[in-house]
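Have a look at the structure below, then the notes.
Just so it is clear, none of the values below were taken in a lab; they were calculated from the coordinates. Remember, it's a predicted structure, so these values are computed and weren't measured experimentally. Here Cβ is always computed from backbone atoms with ideal geometry, including for glycine, and neighbour counts include all displayed protein chains.
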Amino acid sequence: MAHSITDETIEYVGILAQLELSPEEKKQARQDMGRMLDYIDQLKELDTEGVEPLSHVLSVENVMREDVVTNGDMREALLANAPEEKDGMFTAPRTFG
Amino acid sequence: MGKQYETVIGLEVHVELATRTKIFCGCSTAFGGAPNTHTCPVCMGMPGSLPVLNRKVLEYAVLVGLASNCEITRYCKFDRKNYFYPDNPQNYQISQLYLPVCQNGYVEIETEDGSKRVGIHEIHMEEDAGKLIHDTWEDCTLIDYNRSGVPLIEIVSEPDMRNAQEVIAYLEKLRLLISYLGASDCKLQEGSMRADVNLSVREAGTQKLGTRTEMKNLNSFKAITRAIEGEQQRQIDLLEAGEPIVQETRRWDDANDCSYAMRFKEDAQDYRYFPDPDLPPVRISEEWLERMRAALPEFRREKMERFRREYGLPDYDLQIITQSAHLADLFEETTALCKEPKKVSNWLMGEMLRLLREREKDPADIIISPAHLAALILMKDKGEINGAAAKEVFEAMFDEDVDPHSYVEEKGMKVEADTDALREVLGQVVAAHPKSVADYRNGKEKAIGFLVGQTMKVMKGKADPGAVKEMLRELLQKES
């Protein structure tokens, strides 16, 4: 394996993804990420001269809608998914200082 | 002698677009709905839901770009900006990083040293976040996603401004262009226009930029001015003391007139942008762009010129009336009905501005219809109501756009012109004030003013003072 991922990198990526990993999971993740980067290296060997970057897998463009209200009040149905609600709002752990 | 410093300022301005629906779904953008009643699976970030771009958002963004001399990106796309915060139900904001819709523009601003260009680095389209409310009772955060997915454009300037005055001039210019386009009402107080200030200082004459800070939560021109002045001083003090300036985001506290650093537990500012696979790219054709160019409205400068030509208004009037497209339209439509441009202008500059100030409103809030304003002007011209009554009617129109005819009728404000009732009162007034009558006849012109005043008092204002004066003159001549 050409790429070796440091513990710091795994820690950092974990924070970004809001994941808490056990030592075993970290070890597994290091190996997986190393393999992914190896694969990227392999892709880099391809000659992409003159090939436009692909930003979408389907060859569609300009999919748009008109500025017309089509949705009504769906609050009840949407709140039904929430573990907790209050006064028609979702509740979350306190986010303010 | 201390060092001389130069302040360098760039702005990130978010403008909420005046569309009926959100950027990626058919939910209403109307203000003031009950919490979460303008939401759907798309703007709540439900798995499997698919965003579809609102055509009007693209149009507005391109129009603002054209009005600010930008190049329009002919092939643009959307990217995901990843962050975790409860105001953002998807855990990413759909924005544009790699190919923003408009780039490399500028606007001209007027400064003390003449006109100056402020560069526009880019304008991109993105979605707004939900609103967080702190519940003190339960000590938790409540979330209303009605604003989630409301369309925004972010206008990123070059670091071309040097002081608060230039920043205000730049914001005024953007507000003028955007409101003329009808793309937004641009109200700082209500948050439909938000400005983040990036500021650094450097020694005068040097080229290298200093470390900058970003300031948020600036809700008025006054707050922006105070924040800029405070931050440049804070940075200069640090430099003078030989301390480093930390690149950070600071929150302006308007109540305490100071800013403080915003700290996040996980302060990794790594948004891991990547192209949004749910949204196909947008290709802008020359033909469509041509239609957008043709749709650009008459902007302030041209409008002033035309109003000068067509209506013969003085510069002062033109300056005031064209400060808002809405005000200018009201002027023009009212004038078309009553054919009295200067009188319309006087109402707008006088009572209209007075009431806007008094009620702390913006010209965009004016609800008076041209037909009603024209009717009021004609009623006053014909002497059907006097000046004081006209002002009262105008105020009622300002608040509720009442029909001046029925309002005057209901309130019994119509002037008594040359009626028996008025003649009787004149007779009484003349009889009651023989001294003033004698003074007038002895050449004291002023005495008639007193008699007019007495008449108006008895008539409770429902007479035209000019007409009363004429009638008194006639009466006193006859009797002498």
Of the chymotrypsin sites (Phe, Trp or Tyr not before Pro) in region B:215-304, those whose Cβ has at most 14 other Cβ within 10 Å and which sit in DSSP loop: B:264
5 angstrom amide H check on residue B:140, placed H, neighbours 5+ away: B:135
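Nearest 0.05, what FRET efficiency do residue B:431 and residue B:401 give at R0 = 41 Å with Cβ-Cβ as r? Before the final figure, lay out the partial values.
Details: r = 45 Å, r/R0 = 1.09.
Efficiency for this residue pair is about 0.35.
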Eligible aspartates and glutamates near residue B:478 by straight Cα distance, threshold 17 Å, same-chain separation 8 or greater: B:418, B:424, B:439, B:445, B:470
Other-chain or far-sequence residues with amide H under 5 Å of residue B:97's (modelled H): B:79
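Length gain on complete extension for the stretch residue B:294 to residue B:409, per 0.36 nm per residue less the alpha carbon to alpha carbon distance? If you can, show how the numbers build up before the last one.
Numbers: separation 115, 0.36 × 115 = 41.40 nm, distance 4.66 nm.
The residue B:294-residue B:409 span can extend by a further 36.7 nm.
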Between 0 and 90°, nearest 10: helix A:23-44 axis offset from chain A longest Cα axis: 70
Dipole in debye (nearest 20) - chain B, about Cα centre, beta carbon charges: Lys, Arg +1; Asp, Glu -1: 980
Those aspartates and glutamates that a straight Cα-Cα span of less than 15 Å connects to residue B:361, excepting residues fewer than 8 apart in one chain: B:185, B:190, B:351, B:395, B:399, B:400
For the protein assembly as shown, with +1 on Lys and Arg beta carbons and -1 on Asp and Glu, the positive-most of B:26, A:70, B:225 along the dipole: B:225
Relative contact order (%) - criterion: Cα under 8 Å, at least six apart; region: chain A: 22
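If you add up the charges near residue A:64, with Lys and Arg at +1 and Asp and Glu at -1, over every other residue whose beta carbon is less than 11 angstrom from its beta carbon, what do you get?
Net of charged neighbours comes to -1.
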Sequence-distant residues sharing a close amide H with residue A:90 (under 5 Å, placed H): B:143
Residue (of B:345, B:466, B:183) at the positive-pole extreme of chain B, dipole from beta-carbon charges: B:466
Residue order, fewest to most beta carbons within 10 Å, for B:23, B:109: B:109, B:23
Lysines with Cα under 22 Å of residue B:56, excluding same-chain neighbours fewer than 8 positions away: B:22, B:77, B:187
With at most 11 other Cβ atoms within 10 Å, longest stretch of chain B clear of loop GluC sites (Glu not before Pro) (DSSP): B:113-265
Approximate spin-label separation residue A:15-residue B:382, in nm, with each point projected 7 Å along Cα-to-Cβ: 7.7
At most 12 other Cβ within 10 Å, DSSP loop - chymotrypsin sites (Phe, Trp or Tyr not before Pro), region B:60-137: B:84, B:137
Orphan Cys of the protein assembly as shown, criterion: no other Cys C-beta under 4.7 Å: B:25, B:27, B:40, B:43, B:76, B:140, B:186, B:258, B:338
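Note down the magnitude of the dipole of the protein assembly as shown about its Cα centre, charges +1 on Lys and Arg C-beta and -1 on Asp and Glu C-beta and zero elsewhere, to the nearest 20 debye. Write down the numbers at each step before the final one.
On the way: 71 positive and 102 negative charges, 446 e Å.
Result for the protein assembly as shown is approximately 2140 debye, rounded to the nearest 20.
Say a site is exposed when it is one of the GluC sites (Glu not before Pro), sits in a DSSP loop, and has at most 15 other Cβ atoms within 10 Å; what is then the longest site-free stretch of chain A?
It runs A:21-44.
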Acute angle (nearest 10 degrees) that the helix A:7-16 long axis makes with the longest principal axis of chain A, alpha-carbon atoms: 20
Farthest positive-ward along chain B dipole, Cα basis, beta-carbon charges - from B:38, B:123, B:451: B:451
Cα gyration tensor shape for region B:220-350, rounded if a/c is under 1.5, else prolate or oblate: oblate
Loop trypsin sites (Lys or Arg not before Pro), region B:213-261 (other Cβ atoms within 10 Å of the site Cβ: 16 or fewer; DSSP): none
Radius of gyration and Dmax over the Cα atoms of chain B, both given in Å: 29.7, 96
16 Å reach of a label modelled at residue A:48, 7 Å along Cα-to-Cβ, counting backbone N of region B:59-73: none
Around residue B:82: net Lys/Arg minus Asp/Glu count, Cβ-Cβ under 9 Å: +2
Cβ-based net charge around residue A:30, under 12 Å, with every Lys or Arg adding one and every Asp or Glu removing one: -3
Integer Hz, Karplus 6.51/-1.76/1.60 couplings in order for region B:98-115, x for Gly and Pro: 7, 10, x, 5, 10, 9, 6, x, 6, 10, 9, 10, 9, 10, 4, 9, x, 7
